[in-house]
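Visitor: For reference, the structure I am asking about is given below.
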Amino acid sequence: MFLSKDKKMPVKKLLNNLSKSIMLRKMEYISDQQGIIRRYQREMPGWNIHLENSKRFILESSKLKKKGKAMVLGSGWLLDCPVNELAREFEDVILVDIYHPKQIQKKLKHITNVHFIQADITGGLIDLAYHTLNSNKKNFVKKFFPESKSFSFPISSDVDFVISLNILSQLNIIITDYAKRFNHYSENEITELSATIQQSHLNSLPKNKSCLICDYEEELYDEENKLIGVNPLIFLNLPAGNFSKKWNWKFDTSMTYRDDTKTYLNVIAIDL
Ligand SMILES: C[S@@+](CC[C@H](N)C(=O)[O-])C[C@H]1O[C@@H](n2cnc3c(N)ncnc32)[C@H](O)[C@@H]1O
């Protein structure tokens, strides 16, 4: 009989956790998150401006909210999140991510009103995409698209402030990059899926209680800093909200994200 070393965790749950962890690794959620901290270390001057802008906007937006529960969607390394200030201002701060870095969990252990939730912010599409794409039945694969429309992440009505933190374009990219490996879908279908995932995320953010920060397009520059292209990252119309701010994020100047090309991101922050 297979016995868990951790006597408090039933074997079935242990196996579930193991297969979930394999899925997240195969879909590159873990390596992507590691990539974020490595790129930050390489690109500090350009990144710091973006991170400070994000933190300042969150605190500005927080002023107008009731100070009960705050929820951060896509908390990750918390590089862009003023978590200490939020923990002082709000009764509870709930950090949501598909994977919480161990270092962050350890670092915040002493702040008793900060809580971690490991969840899929698409409401379960990661799991559906992984299992659908890895099944061999073609009809089932095609069914994935209509099914994806009904997925959304439930946010409880007692949450007073929801922060969607540099995650809107990430929600679709990781899933669609994985889907592209299987060659089942056309470019149009991939864009449609991206729009569905983003719209459903936007719809899930409660009005007058949210703040959305996201990169909406990427600018590509050659080695001589000549603009060579602009690509959209958001496939829907963003609302005007109560107030907003835009800035440019020097995401990759060392040309490691794309060969021989620098990538800068245009970012918008909206108080919804
Ligand atoms: C670009 S990062 C945002 C920056 C982040 N606040 C930080 O400082 O690391 C995106 C974060 O969203 C998480 N993420 C991506 N897709 C997700 C999903 N479907 N559900 C939950 N978290 C997700 C990643 O694990 C990552 O930590």
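Visitor: Cα-Cα over 30 Å: which of Lys12/Lys69; Lys26/Lys149; Lys106/Lys262; Lys26/Lys55; Lys66/Lys250?
Guide: Violating the 30 Å Cα-Cα cut-off are Lys12/Lys69; Lys106/Lys262; Lys26/Lys55; Lys66/Lys250.
Visitor: Could you work out how far the C-alpha centroid of region 237-266 sits from that of region 8-26, in angstrom?
Guide: When both Cα centres are located, 35 Å separates them.
Visitor: Next question, about the same structure. List the lysines whose Cα lies under 17 Å from the Cα of Lys13, skipping any in the same chain that are fewer than 8 positions away.
Guide: Candidates past the 8-residue exclusion: Lys5.
Visitor: On to the next question. What residues have an amide H closer than 5 Å to that of Phe116, excluding those fewer than 5 places away on the same chain, when H is modeled at 1.01 Å from N in the peptide plane?
Guide: Hits under the 5 Å cutoff: Leu95.
Visitor: Just rank Lys20, Lys106, fewest to most, by other beta-carbon atoms within 10 angstrom.
Guide: Lys106, Lys20
Visitor: Note down the nm distance, to one decimal, between modelled labels 7 Å out along Cα→Cβ at His110 and at Val11.
Guide: Result: 4.2 nm between the two label points.
Visitor: So which aspartates and glutamates pass the test for Lys63, namely a Cα distance under 15 Å, with those fewer than 8 places away in the same chain ruled out?
Guide: Those aspartates and glutamates meeting the cut-off are Glu85, Glu89, Glu91, Asp160, Asp271.
Visitor: Could you line up Ser164, Ser152 from fewest to most neighbouring Cβ atoms inside 10 Å?
Guide: Listing Ser164, Ser152 from fewest to most nearby Cβ atoms yields Ser152, Ser164.
Visitor: Treating only the Cβ of Lys, Arg, Asp and Glu as charged (+1, +1, -1, -1), what charge dipole size does region 11-209 show about its Cα centre? Round to the nearest 20 debye.
Guide: That gives a dipole near 520 debye.
Bear in mind these aren't lab numbers, they're just calculated from the coordinates by the rules spelled out. Everything numeric in this text was worked out from a predicted model, so none of it was measured. Positions of Cβ are generated from backbone atoms using ideal geometry, with glycine treated the same way; all protein chains shown enter the neighbour counts.
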